[in-house]
Amino acid sequence: MRATTSRAAPAAEVVMEPLGVAGLITPWNSDAGFICGKLAAALAAGCTAIVKPSEMSAIQTQVVTEALHEAGLPAGVFNIVTGRGETVGAELSAHPDIAKISFTGSTAVGKQILRAAAETCKRVTLELGGKSPVVILDDADLATAVKLALQAGFMNNGQACIAGTRILVPADRLDEVEALARAEVETVKVGDPRAPDTELGPLVSAKQWDRVQRYIRVGIDEGAIVIAGGPGRPEGLGDGWFARPTLFSRVRNDMTIAREEIFGPVLSIIAYRTDEEAIAIANDTIYGLQAYILSSNAARARNVAARITAGRVLINTLAHEPLAPFGGFKQSGIGREYGVSGLEAFLEPKSVLGGSAG
C-alpha cells in the first residue's frame with residue numbers, strides 16, 4: 001500500500017510509503033491506551049501490526065481486541081500475540097520481517113530492544129522512563145500549585161512515566177509548601193478503585209509494592225524527611241498492594257529517590273534559590289520526558305519552559321494533547337508518537353526523480 005501523502009521537491013516527487021509490518025509493544029500501566037494510540041498511527045500510515053501487550057493487563061487487551069473485532073477490521077490487519085517480553089518481545093525485536101518497533105516501557109528494556117533491532121536496521125520508536133520535574137515558581141499561587149503538583153505526581157497511583165515526582169520549590173517558601181502539601185496528602189483517599197471517592201488504588205503487583213517500599217526506606221536512610229505517608233499500607237487496608245502516598249522533603253537532587261524512577265506514589269520536594277538553579281536541577285537527570293511549570297506569569301513560565309530539556313512541558317495544566325508530538329529527550333526515548341510526527345514514524349520517504357507523469 002502506498003501512502004496518500006506526498007511532498008513537493010523541485011526535481012522530484014517525494015512519496016511517503018508505509019514501512020511494513022510494525023511490532024507494537026505496550027506496557028501494563030496503560031495497556032489499552034497505548035494499544036489504541038500505536039495501532040491508530042500504524043494503520044493510518046498503511047502498516048499492518050503485531051501487538052505484544054503486557055501480560056499483566058490481560059483484561060485491557062481483551063476489551064480492545066473485542067472492540068476491534070466488532071469494528072470489522074479485516075483479518076490480518078492487526079494481530080495480538082501474548083506472552084512475556086523476554087520471549088515474544090525479543091522475537092519481534094529481532095525478527096527480520098518486522099520493519100518497525102514501537103515500544104513503551106522501561107529504559108532498561110528499551111535499550112535491549114534497540115540492540116536487538118540494530119541487527120536488521122529496524123526503525124525504532126522508544127517511549128521510556130522519566131523523572132519529571134514540577135517547577136513551582138515563586139510567583140505561583142501556592143494553594144493551587146501544590147494541589148496540581150500532587151495530582152501530577154500521584155496520577156495512576158504514581159505508576160506513570162510522566163508523573164511529576166520531583167517538586168521544585170523556592171527555598172524561601174519551602175515551609176509554606178510543606179504545610180500545604182502535608183495537609184493535602186493527608187486527605188488523599190486510598191482504597192478500592194471502583195469506589196467513586198477513591199483517589200489512589202493499589203499498585204499493580206507484589207513486586208511493584210516491594211519496589212516502592214524499598215525506595216521509601218532508601219529515602220529515609222539517605223536523610224530525606226518524610227512529611228507525609230511512609231512505609232507500609234494505609235491504615236485500614238491490611239490486604240492488597242496499597243502503598244501510603246508518601247511525600248519527602250529536604251531532598252537533594254543527588255539522592256536515590258530523586259534520581260531513579262520509582263513508579264509509585266512517592267514524591268520528593270527539592271528547594272532551589274533562583275530560576276537558574278531550578279532549571280539546572282530540573283535538567284540534572286538522565287531522563288527528559290515531561291516537565292511541569294506552575295506560575296502566575298505566562299511569559300516567565302514560557303521562558304523557563306524553553307530551557308527545560310523535555311519532550312513536553314506543561315504550564316499550569318495536566319491536559320493531554322493527542323495532536324502534539326509526545327516522546328523524550330536523553331534516556332527517555334527515541335522518536336515521537338501522536339500528531340504528524342507520530343504518523344511519520346511509520347512512514348519512509350521515497351524520492352522519484354526523472355520521467356514524466358504524462
Inset, instruction - Quick one: which helices (runs of 4 or more DSSP H) lie wholly within region 201-301 and hold at least 3 residues that are among the basic types (Lys, Arg) and assigned by TED's automatic domain parsing to the domain that holds residue 160? - result: 206-221
Inset, instruction - Would you confirm whether any residue within region 70-79 is buried (at least 17 other Cβ atoms within 10 Å of the Cβ), aliphatic (A, V, I, L, M) and outside the structural domain of residue 263 (by TED's automatic domain parsing)? - result: no
Inset, instruction - For residues that are touching a residue at least 12 places away in the same chain (Cβ under 8 Å) and of a type in the set (A, V, I, L, M, F, W, C), scanning just region 175-194, find the one that is farthest from residue 148 (Cα to Cα). - result: 190
Legend entry - Scope region 198-217; condition hydrophobic (A, V, I, L, M, F, W, C) and either within 20 Å of the chain's Cα centre (by Cα) or over 21 Å from residue 236 (Cβ atoms) (or both); matching residues: 200, 203, 204, 209, 212
Legend entry - Hits in region 226-257 (condition: among the aliphatic types (A, V, I, L, M) and farther than 17 Å from residue 150 by Cβ): 237, 255
Inset, instruction - Find the strands (runs of 3 or more DSSP E) located wholly in region 34-119 whose residues include 1 or more that are more than 21 Å from residue 331 (Cα to Cα) and in contact (Cβ under 8 Å) with a residue 40 or more places away in the chain, and list them. - result: 49-52
Inset, instruction - Considering every residue within region 161-169, establish whether at least one is part of a strand (DSSP E or B) and surrounded by fewer than 19 Cβ atoms within 10 Å (Cβ to Cβ). - result: no
Legend entry - Members of region 128-161 that are of a type in the set (Lys, Arg) and closer than 20 Å to residue 253 by Cα: 131
Inset, instruction - Select, from 58, 67, 49, 41, the only residue that is at pLDDT below 95 and of a type outside the set (S, T, N, Q). - result: 58
Inset, instruction - Go through region 257-285 residue by residue and tally those that are among the β-branched types (Val, Ile, Thr) and surrounded by fewer than 16 Cβ atoms within 10 Å (Cβ to Cβ). - result: 1
Inset, instruction - Output the number of the condition that residue 127 fails; it satisfies all remaining conditions of (1) farther than 26 Å from residue 17 by Cα; (2) touching a strand residue (DSSP E or B) at 6+ places or on another chain (Cβ under 8 Å); (3) touching a residue at least 40 places away in the same chain (Cβ under 8 Å). - result: (1)
Inset, instruction - Please indicate, with yes or no, whether at least one residue in region 206-225 is buried (at least 16 other Cβ atoms within 10 Å of the Cβ), farther than 17 Å from residue 268 by Cα and touching a helix residue (DSSP H, G or I) at 6+ places or on another chain (Cβ under 8 Å). - result: no
Inset, instruction - Look at region 318-358 and say how many of its residues are among the β-branched types (Val, Ile, Thr) and loosely packed, with under 12 Cβ neighbours inside 10 Å. - result: 0
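The values are calculated or read from the model by the stated rules, or taken from the named source; none is laboratory data. As the structure is a prediction and not an experimental result, all values here were calculated from the model. Positions of Cβ are generated from backbone atoms using ideal geometry, with glycine treated the same way; all protein chains shown enter the neighbour counts.
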